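Input: a single structure, listed below in structure tokens.
The values are calculated or read from the model by the stated rules, or taken from the named source; none is laboratory data. Here the structure is a predicted model, which is why all the values come from computation and not from measurement. Neighbour counts run over all protein chains shown; Cβ positions are idealised from the backbone, glycine included. In case anyone asks, the SASA skips ligands and DNA or RNA and just uses the protein heavy atoms, side chains included. Shrake-Rupley method; radii C 1.70, N 1.55, O 1.52, S 1.80 Å.
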Amino acid sequence: MSDLDALKTEFLSAIAAASSLADLDAIRVDALGKKGRISGLLKQLGGMDPDARKQMGQDLNILKTEIAEAITTRQIVLADEAMAEKLASETVDVSMPSRPQRNGYLHPLSRTIEEISAIFADMGFTIAEGPDIEADYYNFTALNIPPEHPARQEHDTFYLQPDETGARPVLRTHTSPVQVRTMEANEPPIRIIVPGRTFRSDHDATHSPMFHQCEGLVIGPNIHMGHLKAVLIDFCRIFFGVDDLPVRFRPSYFPFTEPSAEVDIGCSREGGGLKIGAGDDWLEILGSGMVNPKVLENCGYDPEKVQGFAFGMGVERLAMLKYGIPDLRTFYDSDMRWLRHYGFVPSDVPALHTGLTG
Ligand code: DAH
């Protein structure tokens with residue numbers, strides 16, 4: 001047996017016997033490493049006569065390739081064995097408690113808007129939207145609030161810089177402009193609600209410069225005050241979960257409705273606490289009325305052919321009353337402790353797509 005054959009046999013049997021990847025790597029270094037034995041032999045080639053060098057060079061290269069292949073093959077086997085052993089020894093303890101995960105909470109305003117939407121969805125209303133930055137025309141004029149009308153003063157409007165025509169856009173002071181936008185873009189019949197952001201320059205425990213309203217609009221032939229009353233009585237009773245909740249319609253004034261009515265619900269304020277549905281006191285919760293014929297005309301409708309009713313409610317106010325939240329400013333403080341207290345765990349929230357009654 002030549003020296004090279006003996007060397008080959010030695011390495012191959014060492015490779016076959018290697019029982020770990022570390023052992024195998026030691027063999028690789030010994031055979032093929034820079035200072036390894038095959039490299040050593042390659043270095044000696046320079047001192048040999050040309051014929052012998054050629055033969056030896058070829059033989060050494062073949063040996064080198066064989067050893068490298070044997071190492072790679074053994075490496076795969078050993079890696080598989082190591083993985084199998086690891087899998088066998090490391091079992092998953094399914095009884096171990098999982099790491100605590102912080103749940104997010106649904107903001108009470110989101111929840112309230114969902115509830116309002118679900119109730120009106122059950123009555124066949126769809127949701128409409130409009131821009132936060134509104135033209136003066138939609139926010140006021142089309143709603144029968146012309147430039148010198150006193151109602152403009154009551155709205156504490158945020159005005160933006162005038163545009164090139166000199167008109168000053170506003171941050172919408174109510175969701176009512178979406179009534180006009182919807183009527184302009186659609187033929188009757190119309191049955192929409194408009195939950196959305198509104199803005200007024202006002203800030204105290206019951207007012208915030210940004211707040212939310214939900215508008216409602218129903219237009220069709222022969223719509224009358226009876227429809228308005230039925231829809232709003234049903235809404236109040238379902239929203240507050242009191243079947244026989246007293247609901248009162250009190251004459252009022254809004255430029256865009258005629259006649260107008262404010263809606264009160266029965267409550268008691270005895271002992272400092274507010275109780276909805278009990279006692280003989282009243283609490284104002286929303287504005288409403290029959291759409292003023294002037295508004296219908298502004299939108300291109302013929303008041304002789306179609307009539308309608310509208311209503312508007314403050315979402316924060318409804319949320320405060322239903323969930324006993326005393327200060328409106330806290331809605332926007334982004335305080336996690338507050339949200340954990342007043343918020344809703346999303347998985348606890350019932351599916352609202354069939355309404356609160358469904
Ligand atoms: N836009 C009124 C406000 O912000 C609320 C309102 C009252 C809306 C009566 C209506 C309505 O649609 O009919 O105070």
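The table below lists the values:
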item: Value at 222 nm in deg cm²/dmol, rounded to 500, when DSSP H runs of n ≥ 4 in the chain each add -39,500 (n - 2.57); result: -12500 deg cm²/dmol
item: Highest to lowest packing among 158-169, 226-237, 7-18, 92-103, scored as the average C-beta count within 10 Å; result: 226-237, 7-18, 158-169, 92-103
item: Radius 13 Å from Cβ of Ile15, net charge of other residues (Lys, Arg +1; Asp, Glu -1); result: -3
item: Probe 1.4 Å - accessible area at Met336, Å² to nearest ten; result: 100 Å²
item: The range 11-146 - percent relative contact order, Cα under 8 Å, separation 6 or more; result: 20 percent
item: Aspartates and glutamates whose Cα lies under 14 Å from that of Lys54, excluding same-chain neighbours fewer than 8 positions away; result: none
item: Highest to lowest packing among 65-74, 192-201, scored as the average C-beta count within 10 Å; result: 192-201, 65-74
item: Kyte-Doolittle mean at least 0.0 and Cα axial length at least 18 Å: DSSP H helices in the chain; result: 3-17, 108-122, 225-240
item: Computed FRET value (nearest 0.05) for Ser110 with Asp80, which takes r as the C-beta separation and R₀ as 45 Å; result: 0.25
item: Top positive-direction residue, dipole computed over the range 43-180 with Cβ charges, set Met83, Ala121, Ile62; result: Ile62
item: Cα shape, the chain, gyration tensor, a/c 1.5 rule; result: prolate
item: Cβ-based net charge around Leu318, under 14 Å, with every Lys or Arg adding one and every Asp or Glu removing one; result: -2
